[in-house]
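Colleague: Before anything else, here's the structure in question.
Computed from the coordinates by the stated procedures, all read-outs in this text should not be read as laboratory data. Predicted model only: the values in this text are computed from it and were never measured. Cβ atoms come from the backbone with ideal geometry, glycine included; neighbour counts cover every protein chain shown.
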Amino acid sequence: MSKENNSDKIAKVEVYYVSLEQNETYLGPVSGEENLKREEYFIRESNRTVYPKKNKSIVVRVLTENGIEGWGETYGLVAGDATVAIIKNLFADFIIGRNPLDVITIYEDLYDLMRVRAYHGGFYHDALAAVDIAIWDIYGKTVKQPLARLLGGIRRTKIPAYVSGLPKSTIEERCEIASNWQKKGFNAFKFALPMADQGGAEEMKQLRKTLGEEALIACDMHWARTRGEAVSLIQEMMPYRPWYIEAPIYNEDFNGLSWIAKKTNATIAVGEEWRTVYDAKLRIDLEACQIVQPEMGHTGITQFMRIANYAHAHNLLVMPHATIGSGIFLAASLQASAAVQNIAFHEFQHTIFPEFTSYNTGNITCESGFFSVPSGNGIGVEPTEEMKSKMTLL
Ligand code: MG
C-alpha cells in the first residue's frame, strides 16, 4: 500500500434515491379499494404490511481526497426520507476527514453516537449500513482487492441460489413458475404463505408434486401468526417435508420462536429484519432458529460479518436475505457470502433481478442455480449510465 493511500481521507458524502422498476408486484397481484385510493403505498392484508407502489432505493456515494469513490446502499422502500436525513444531517459530518481504512472504527463511532438513546436499529442502522458498505468499498479499491478477500478470503466464487417468491394468483401458475426455474437448473424454492390462497399445506403438497422429492421447498410465513396458529400450520406442512420455515411468528416474540422451534421438527429460519449481532443473539441464545438470514441492506458489512460469525460459533447456517435494491447491497452480500464459511444458499429475487443486471457493471449473474460473485475491487459493482439516469441527488 502506498503512503498516499494510507493517508487518504473521506472528502464528500452524497445521497441519492434510485427509482427501481419491476415487472411484477412484489409477492404478487394486489386488490382492495383502500389500496387504490392511496397514492404512494398499499397494504397487503394477508400480512398487514405496507409496501410502496413504486420501488426505490437509497444509494450513497462516498468520495475521498484522492478521488476514490465508494458505493453503498440501504433499504429505501418505506419512509426513506428518515434514513436520508440521518446520513445527510448527521453521519456526513462525522465521516468527512476520517481515513476510510478505519472502516470498522468509523462504524463503531457512528453506532455509539445514539446508543444512550437506544437507536440501535431501524432507520438509524439502515443509514449506517449504506455508509458502512460505501467505506468498505473504498477500502477494497484502495488496497486493490475484492471485498471477500478483506473479509477473510475468497472461499468460493459461486453461491448456491434459491428461487424466492412465486408471484401469481393461482396455485397452478405458481407451480408453473417454479417448474420453469427448475428447468433452468434451480432446485431450491421458497413460497410466501400470504400468497398461498389454498393454505400452506396445499401449497407444499402441490409444489412437492410438481418439483419432485429432491427439490428443496421452504415456506416464508411472514411473521403473521400467533404461537398456536404457527405450530398448527407447520404441522400440516410437515408431511411434505418443508426445507425450512421462515418467520413463523411475530418477530418480537423471541420466546415464542424458541417454543415453536422446540415444539415442531421444522428447521426455523429468521433474520431478515435484524440490524446487528445483538438482534441475532436474542434468538440464537434461546436456540430459536437453525438458519440465519441477514439482509445486507439493513446490516451493512460490519454487522453482517458479526452475525455470520455468531451463527458460525453456534453451528448454524447462514442464508442471506435479498431485499429490493439496485444491486449494490446485493453485490456486498455476495462478497461477504464468498468469504463466510457457513453460507449454504443466498436468496434469489428473480422478479427484480433483471433490474440489478442492467443497473450494474459488475457482472452479477444468477444462472443454473448459482450466483456469481462480482469480480473487481471493493464490492465489484458500480452504477451504470442507465442507473445514473434514474438517480436523484438529495
Ligand atoms: Mg422473508
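Colleague: Can you compute log10 of I(q)/I(0) for the chain with the Debye formula, treating each Cα as one identical point scatterer, at q = 0.07, 0.09, 0.12 Å⁻¹?
Modeller: -0.30, -0.51, -0.92
Colleague: Roughly how large, in nm² to one decimal, is the mean projection of the convex hull of the alpha-carbon atoms in segment 105-149? Let's see the in-between values first.
Modeller: On the way: hull surface 13.6 nm².
Averaging across all directions leaves 3.4 nm² for the Cα convex hull.
Colleague: Same structure again: What is the spin-label model distance, in nm, from residue 41 to residue 89 if the labels are put 7 Å beyond Cα along the C-beta direction?
Modeller: Simple spin-label model gives 1.9 nm for this pair.
Colleague: For segment 193-235, which semi-axes, largest first and in whole Å, follow from the square roots of 5 times the eigenvalues of its Cα gyration tensor?
Modeller: Values: eigenvalues 84, 21, 16 Å².
Computed over segment 193-235, the values are 21, 10, 9 Å.
Colleague: To the nearest 0.05, how large is the calculated FRET efficiency for residue 198 and residue 226 if R₀ is 22 Å and r is the Cβ-Cβ distance?
Modeller: Working from the Cβ atoms, E equals 0.55.
Colleague: At 4 °C and 1.567 mPa s, grab the translational diffusion coefficient of segment 131-276 from Stokes-Einstein with a Kirkwood Rh over Cα pairs, rounded to a whole number in µm² per second. List each step's numbers first, then the result.
Modeller: On the way: Rh = 17.2 Å.
My calculation gives 75 µm²/s for D.
Colleague: Moving on to the next point. Please report, for the Cα atoms of segment 262-312, the Rg to one decimal and the Dmax as a whole number; what are they, in angstrom?
Modeller: 10.7, 34
Colleague: A further question on this structure: Counting Lys and Arg as +1 and Asp and Glu as -1, each charge on the Cβ, what is the dipole of the chain about the Cα centre in debye, to the nearest 20?
Modeller: On the way: 40 positive and 48 negative charges, 133 e Å.
The dipole magnitude comes to about 640 debye.
Colleague: Shifting gears a bit: Mind counting lysine pairs for me in segment 150-376? Cα separation below 23 Å, and the two need to be 8 or more apart along the chain or on different chains.
Modeller: Within segment 150-376, the lysine pair count is 19.
Colleague: By Kyte-Doolittle mean hydropathy of at least -1.0 and Cα axial length of at least 20 Å, which whole DSSP H helices of the chain are selected? Before the final figure, lay out the partial values.
Modeller: Working: long enough: 122-143 (32 Å, 0.60); 296-313 (23 Å, -0.02).
Membrane-span-like by this criterion, though nothing is claimed about a membrane: 122-143, 296-313.
Colleague: Would you mind computing, in nm to one decimal, how far apart the modelled labels at residue 265 and residue 7 are, each placed 7 Å from Cα along Cα→Cβ?
Modeller: 6.7 nm
Colleague: Output needed: percent of Cα pairs per 5 Å distance bin for segment 194-290, bins running from 0 to the one holding the longest distance.
Modeller: Binned Cα distances yield the sequence 2, 14, 26, 24, 17, 10, 6, 1, 0.
Colleague: Eigenvalues of the Cα gyration tensor times 5, then square-rooted: what semi-axes does that give for segment 150-376, in whole angstrom, largest first?
Modeller: Values: eigenvalues 137, 107, 39 Å².
Those come to 26, 23, 14 Å.
Colleague: Another question, if that's okay. Using the Cα centre of segment 10-145 as the reference point, and only Cβ charges (+1 on K/R, -1 on D/E), how large is the resulting charge dipole? Debye, rounded to the nearest 20. It would help to have the intermediate numbers written out before the result.
Modeller: Values: 15 positive and 20 negative charges, 17 e Å.
Roughly 80 debye, rounded to the nearest 20.
Colleague: Considering every pair of different Cα atoms, what Kirkwood radius, in Å, is found for segment 14-168? Please list the in-between numbers first.
Modeller: Working: mean 1/r = 0.0560 Å⁻¹.
Result for segment 14-168 stands at 17.9 Å.
Colleague: Oh, and also: Quick check on the chain: of the DSSP beta bridges with both residues there, what percent are antiparallel, nearest 5%?
Modeller: Values: 29 of 50 bridges.
Close to 60 percent.
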